[in-house]
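Working notes, structure below.
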Amino acid sequence: DAGPGAQRAFAAGDNDGLGIGDDEIPVDPTESFTISFNTTVTIAGLYFLDHYAPEEVHVSIDGGTPLAPFISTVSPPTPGYTEFENLSLTGQTFTFTVGAPNQTGAVADYALAGIDIAAIPLPAGLLLLGGALGMLGATRRRKA
């Protein structure tokens, strides 16, 4: 569970996640995809399918240098579901790319199955504005 107020967005893909062409994002040829938001968001969790040890997912935020790779610890033949939670990736544009190495005897690939977006906190300025408007209303009421 992502906690109170969190939003969970699931990527829609052909079978088990979001990819290019089919539902897989392979390393050969290297594919990547970008998810853009119209405002700055904080990603709290990333969820992948078909992601086995030691496959890597590289993420760049707002066109910057890729972060340290997200590396699966799941071994075949178990379902290749990998989750990375308690993240704090803040930005507006996120680019996902597959990295080597791949699982033994298979293709390095994965499918993005879900993203947790952290709740946006209510800015303190709104509370101050509400308090100020309340005081103005109380002052006006006393004068009337």
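The values are calculated or read from the model by the stated rules, or taken from the named source; none is laboratory data. Bear in mind that the values here come from a model prediction, so they are computed numbers and not experimental data. The protein model used for the area step is the full one, side chains on, heavy atoms only, and it has no ligands, DNA or RNA in it. Shrake-Rupley method; radii C 1.70, N 1.55, O 1.52, S 1.80 Å.
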- Message: Multiplying the sequence separation of Ala53 and Thr78 by 0.36 nm and subtracting their Cα-Cα distance, what value in nm do you get?
- Response: 7.9 nm
- Message: Taking amide H atoms as placed 1.01 Å from N in the peptide plane, list the residues 5 or more away in sequence, or in a different chain, whose amide H sits under 5 Å from that of Glu56.
- Response: Gly99
- Note on the structure: Here the gain from full extension of Gln92 to Ala138, 0.36 nm per residue of separation minus their alpha-carbon distance, amounts to 12.5 nm
- Item | Sequence of Ile115, Ile71 when ordered by accessible area, the most exposed leading, probe 1.4 angstrom | Ile71, Ile115
